[in-house]
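K.L.:
I am attaching a structure below and will ask some questions about it afterwards.
The values are calculated or read from the model by the stated rules, or taken from the named source; none is laboratory data. For clarity, every value in this text was computed on a predicted model and none was experimentally measured. Please note: Cβ atoms are built from the backbone with ideal geometry, for glycine as well, and neighbour counts cover all protein chains shown.
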Amino acid sequence: MPAPMTFPNDFLWGGALAANQYEGAYDADGKGLSVQDVMPQGIVGPRAEAPTPDNLKLEGIDFYHRYKEDIALLAEMGFKVFRFSIAWSRIFPKGDETEPNEAGLAFYDRVLDELEKYGIEPLVTISHYETPLHLSREYNGWADRRMIGFFERYARTLFERYGRRVKYWLTFNEINSVLHEPFMSGGINTPKEELSEQDLYQAIHHELVASASATRIAHEVSPDLKVGCMILAIPFYPLTPDPRDVWAAKQAERDNYTFGDVHVRGAYPGYFLRKLRDKGIELDITEDDRRTLAEHTVDFVSFSYYMSSCETATQEREASGGNLMGGVVNPTLEVSQWGWAIDPRGLRTILNDYWDRWGKPLFIVENGLGARDELITGPDGTPTVADDYRIDYMNDHLVQVREAIADGVQVIGYTSWGCIDCVSASTAQMSKRYGFIYVDRNDDGTGTLERYRKQSFGWYRDVIASNGASLKA
Ligand code: BG6
């Protein structure tokens, strides 16, 4: 009997966070403002003119000052990899300067020192929903072609400074989310309701060219650097077997596929060009753009996976909740406290689909359950959280990853989202927690910021130590 397929020996187990959601210190050591600093309620409330005290992201969980303690906790769990983003406005406070801010660069040197101490591989997101606010207000973010140059300078600065210590890079977090959240994702200042599709798709084009260009620069700096794209992945299922529903689901998936198709295949797919034609959109694409896209495709594909959704063209639409986008409710699935459908099998589906489509190594760089946690006293008298619901969620998803590996899919690693509790991207709440580590901070900003190990902490440590053998099928 052949041995069951399992996780490869060099599988990268770890967790993920983003600067704007955990660093805090929003104006320390020369840092400029980012779009997040004027989003006190995430995407569910209005933007502010300037930072306001109710914006929990300004202080985050104060990783900026507590990074040693936090990285030690990640090491205690046996992390092989830690995904984090660099705050663009720490390095280029306004975004259009020619010289970087040394104090900002030095902070990430210190973080990398600490990771190196424990042998944890860094995975760096270059841009995670934190466009410098100045670029948003002065240039209208990615709607302006000059953003490509600013991003190239920023990316080159990072590759040259950290390229000897950081092998894995992601260009834009959930690049396809710009379709739904143009301000948070693309720094586009024009209100969503007033933004023309012409401008939106042109902004997308600029981001795609910038991503390819960053890949070129990374490979120039060192051929050892590996650059990936990052897609918000949602499998869309037809609500019924009616062929019109099947087609509707396919169209919804293609909205997301487009981004991977360009990153991996180096050109816009025919179905996308047709969509532009149908909408009467003519993009400004130069010969240079085409060459850049074609010649500098990604080394791997990464994605976030939280949920699946349904689509229909024939039934009444009951809108589903979802991670920045959604379709219609799948009546067969349970949902999280925030209405996101829980679908471990969808992860196997997406892994197989992406592998079949692109044949590139895949990296799951976000997955997890946002839930309200209750702090209790553990058997040894220290505070903890009995988060069996989180353990179940992650166990069931990881079992499906193992299935996909057995299906022949090449998966490099898995970084669960929000490995330490942080501020939510969509709702800017602290109470939407994902972590193995509880942070004492509340939605009203009170709390000591103390860290406590949840029960999932020990569970994940065992999963990593056993290379997945402790998972329960
Ligand atoms: C992804 C983002 O969309 O989902 C993260 O990349 C985000 O930044 C995560 O935090 C979970 O979403 P939320 O809204 O629950 O924080």
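K.L.:
What number of residues within the stretch 355-380 are modelled with pLDDT of 95 or more and over 30 Å from ALA406 (Cα atoms)?
P.N.:
First pass over the stretch 355-380, keeping only residues modelled with pLDDT of 95 or more: 355-377.
Of the ones still in play, those that are also over 30 Å from ALA406 (Cα atoms) are 371-377.
Within the stretch 355-380, residues that are modelled with pLDDT of 95 or more and over 30 Å from ALA406 (Cα atoms) number 7.
K.L.:
Among the residues of the stretch 391-400, what is the count of those that are in contact (Cβ under 8 Å) with a residue 60 or more places away in the chain and either within 16 Å of the ligand (Cβ to nearest atom) or closer than 15 Å to LEU347 by Cβ (or both)?
P.N.:
Step one: of the stretch 391-400, the residues in contact (Cβ under 8 Å) with a residue 60 or more places away in the chain are 391, 394-395, 397-399.
After this cut, where a residue has to be either within 16 Å of the ligand (Cβ to nearest atom) or closer than 15 Å to LEU347 by Cβ (or both) as well, the list is 394-395, 397-399.
Summing the residues that are in contact (Cβ under 8 Å) with a residue 60 or more places away in the chain and either within 16 Å of the ligand (Cβ to nearest atom) or closer than 15 Å to LEU347 by Cβ (or both) in the stretch 391-400 gives 5.
K.L.:
Here's another thing I want to ask about it. Consider GLN21 carefully, then state whether it is part of a helix (DSSP H, G or I), at pLDDT 95 or above and either over 24 Å from GLU102 (Cβ atoms) or out of contact with any Asp or Glu (no Cβ under 9 Å at 6 or more places or on another chain) (or both). Give the steps one after another, and end with the answer.
P.N.:
On the way: part of a helix (DSSP H, G or I): yes; at pLDDT 95 or above: yes; either over 24 Å from GLU102 (Cβ atoms) or out of contact with any Asp or Glu (no Cβ under 9 Å at 6 or more places or on another chain) (or both): yes.
It is true that GLN21 is part of a helix (DSSP H, G or I), at pLDDT 95 or above and either over 24 Å from GLU102 (Cβ atoms) or out of contact with any Asp or Glu (no Cβ under 9 Å at 6 or more places or on another chain) (or both).
K.L.:
Based on what the data block shows, is ASP284 of a type outside the set (Lys, Arg), touching a helix residue (DSSP H, G or I) at 6+ places or on another chain (Cβ under 6 Å) and surrounded by fewer than 20 Cβ atoms within 10 Å (Cβ to Cβ)?
P.N.:
On the way: of a type outside the set (Lys, Arg): yes; touching a helix residue (DSSP H, G or I) at 6+ places or on another chain (Cβ under 6 Å): no; surrounded by fewer than 20 Cβ atoms within 10 Å (Cβ to Cβ): yes.
For ASP284, the condition - of a type outside the set (Lys, Arg), touching a helix residue (DSSP H, G or I) at 6+ places or on another chain (Cβ under 6 Å) and surrounded by fewer than 20 Cβ atoms within 10 Å (Cβ to Cβ) - is not met.
K.L.:
Pairs please, first residue from the stretch 444-473 and at pLDDT below 95, second anywhere and part of a helix (DSSP H, G or I), Cβ atoms under 8 Å, 6+ apart in sequence or on different chains.
P.N.:
Between residues of the stretch 444-473 that are at pLDDT below 95 and residues that are part of a helix (DSSP H, G or I), the close pairs are ALA473/VAL399.
K.L.:
Also, quick follow-up: For ARG345, indicate whether it is basic (Lys, Arg), at pLDDT 95 or above, more than 25 Å from PHE172 (Cα to Cα) and over 17 Å from the mean Cα position of the chain (by Cα). Quick ask: steps written out before the conclusion?
P.N.:
On the way: basic (Lys, Arg): yes; at pLDDT 95 or above: yes; more than 25 Å from PHE172 (Cα to Cα): yes; over 17 Å from the mean Cα position of the chain (by Cα): yes.
When the stated conditions are applied, ARG345 passes them.
K.L.:
Looking at the stretch 56-90 only, could you name the residues that are among the basic types (Lys, Arg), within 24 Å of PHE11 (Cα to Cα) and not in a loop (DSSP other than H, G, I, E, B)?
P.N.:
At the first step, the residues of the stretch 56-90 found to be among the basic types (Lys, Arg) are 57, 66, 68, 80, 83, 90.
In the following step, the residues that additionally are within 24 Å of PHE11 (Cα to Cα) were identified as 80, 83.
ARG83, the sole residue that qualifies.
K.L.:
Applying the selection to the stretch 276-321, what residues are within 20 Å of VAL246 (Cα to Cα), in a loop (DSSP other than H, G, I, E, B) and within 16 Å of the ligand (Cβ to nearest atom)? Spell out the reasoning first.
P.N.:
Initial filter on the stretch 276-321 (within 20 Å of VAL246 (Cα to Cα)): 307-320.
Subset that is in a loop (DSSP other than H, G, I, E, B): 307-308, 312-318, 320.
Of everything in the stretch 276-321, those that are within 20 Å of VAL246 (Cα to Cα), in a loop (DSSP other than H, G, I, E, B) and within 16 Å of the ligand (Cβ to nearest atom) turn out to be MET307, SER308, SER320.
K.L.:
While we're on this one: Among residues belonging to the stretch 421-436 that are surrounded by fewer than 24 Cβ atoms within 10 Å (Cβ to Cβ) and aliphatic (A, V, I, L, M), point out the one that is farthest from the ligand (Cβ to nearest atom). Talk me through it step by step, then tell me what you get.
P.N.:
We begin by selecting, within the stretch 421-436, every residue surrounded by fewer than 24 Cβ atoms within 10 Å (Cβ to Cβ); these are 424, 426-431.
Remaining after also requiring aliphatic (A, V, I, L, M): 428, 430.
On the way: ALA428: 9, MET430: 11 Å.
The residue in question is MET430.
K.L.:
Additional query: Somewhere in the stretch 365-377, is a residue of a type outside the set (Ser, Thr, Tyr), out of contact with any Leu (no Cβ under 6 Å at 6 or more places or on another chain) and more than 30 Å from PRO46 (Cα to Cα)? Write out each step before concluding.
P.N.:
Initial filter on the stretch 365-377 (of a type outside the set (Ser, Thr, Tyr)): 365-376.
Narrowing further to those that are out of contact with any Leu (no Cβ under 6 Å at 6 or more places or on another chain): 365-376.
After this cut, where a residue has to be more than 30 Å from PRO46 (Cα to Cα) as well, the list is 375-376.
Looking through the stretch 365-377, at least one residue is of a type outside the set (Ser, Thr, Tyr), out of contact with any Leu (no Cβ under 6 Å at 6 or more places or on another chain) and more than 30 Å from PRO46 (Cα to Cα).
K.L.:
Here's another thing I want to ask about it. Let me confirm something: among TYR154, TYR108, TYR139, TYR118, which residue is over 21 Å from ASN173 (Cα atoms) and away from the ligand (no atom under 16 Å from the Cβ)?
P.N.:
Numbers: TYR154 fails: over 21 Å from ASN173 (Cα atoms); TYR108 fails: over 21 Å from ASN173 (Cα atoms); TYR139 fails: over 21 Å from ASN173 (Cα atoms).
After applying the criteria, what remains is TYR118.
K.L.:
Kindly provide the set of residues from the stretch 52-83 that are closer than 22 Å to LEU33 by Cα, surrounded by fewer than 16 Cβ atoms within 10 Å (Cβ to Cβ) and in contact (Cβ under 8 Å) with a residue 60 or more places away in the chain, ordered by number.
P.N.:
Listed by number, the residues that qualify are PRO53, ASP54.
K.L.:
A further question follows. For the stretch 119-171, which positions are within 30 Å of ALA75 (Cα to Cα) and out of contact with any strand residue (DSSP E or B) (no Cβ under 8 Å at 6 or more places or on another chain)?
P.N.:
GLY119, TYR129, ARG156, THR157, GLU160, ARG161, GLY163, ARG164
K.L.:
Return only the number of the condition from (1) part of a loop (DSSP other than H, G, I, E, B); (2) out of contact with any Leu (no Cβ under 7 Å at 6 or more places or on another chain); (3) farther than 22 Å from LEU17 by Cα; (4) more than 14 Å from the ligand (Cβ to nearest atom) that GLY326 does not satisfy.
P.N.:
Of the numbered conditions (1) part of a loop (DSSP other than H, G, I, E, B); (2) out of contact with any Leu (no Cβ under 7 Å at 6 or more places or on another chain); (3) farther than 22 Å from LEU17 by Cα; (4) more than 14 Å from the ligand (Cβ to nearest atom), the odd one out for GLY326 is (4).
K.L.:
Quick check on my filter: what residues within the stretch 157-199 are touching a residue at least 40 places away in the same chain (Cβ under 8 Å), part of a helix (DSSP H, G or I) and either more than 16 Å from the ligand (Cβ to nearest atom) or within 21 Å of GLU99 (Cβ to Cβ) (or both)?
P.N.:
Answer for the stretch 157-199, where residues must be touching a residue at least 40 places away in the same chain (Cβ under 8 Å), part of a helix (DSSP H, G or I) and either more than 16 Å from the ligand (Cβ to nearest atom) or within 21 Å of GLU99 (Cβ to Cβ) (or both): THR157, LEU158, PHE159, GLU160, ARG161, TYR162, GLU197, GLN198, ASP199.
K.L.:
Now for a separate question. What pairs come out if I take residues in the stretch 19-45 that are of a type in the set (Val, Ile, Thr) and pair them with residues that are assigned to a loop (DSSP other than H, G, I, E, B) and crowded, with 24+ Cβ neighbours inside 10 Å whose C-beta lies under 9 Å away, six or more apart or interchain?
P.N.:
Pairs found: VAL35/TYR129; VAL35/GLU130; VAL35/THR131; VAL35/GLY187; ILE43/ALA425.
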